[in-house]
């Protein structure tokens, strides 16, 4: 993450909701992939519903399979939902000079 991007992200952070979750990493690592996806979808829906003025949503978590969830949330709410996986793909391909839009893979990955 470069300084300019980090500053921009932090400046906009107030418009991107976060929902606290009390479960610790030990519990997240023990639940199934399907349950991870259900939890990510549930939290994403709650965030968009509770914060209708939010510009978008970021769903982090290295062990979550959240990209399909982000795509479903984008279709449902018409706003960007970004996962850490899509951010890493975009950043890596951009740094390598190999970035090309990937149709059907959410807003971040499907635009130039």
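Results, tabulated for the structure shown:
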{"item": "Only listed residue being in contact with a strand residue (DSSP E or B) (Cβ under 8 Å, 6 or more places away or on another chain) and on the phi > 0 side of the Ramachandran plot, chosen from 60, 78, 106", "result": "106"}
{"item": "Spans of helices (runs of 4 or more DSSP H) in segment 41-112 with at least 2 residues under 22 Å from residue 31 (Cα atoms)", "result": "67-77, 84-95"}
{"item": "Every residue from segment 69-97 that is farther than 16 Å from residue 111 by Cβ, modelled with pLDDT of 90 or more and touching a helix residue (DSSP H, G or I) at 6+ places or on another chain (Cβ under 9 Å)", "result": "69, 72, 73, 76, 77"}
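The values are calculated or read from the model by the stated rules, or taken from the named source; none is laboratory data. Nothing here was measured: the structure is a model prediction, and the numbers come from that model. Virtual Cβ from ideal backbone geometry, glycine too; neighbours counted across all protein chains shown.
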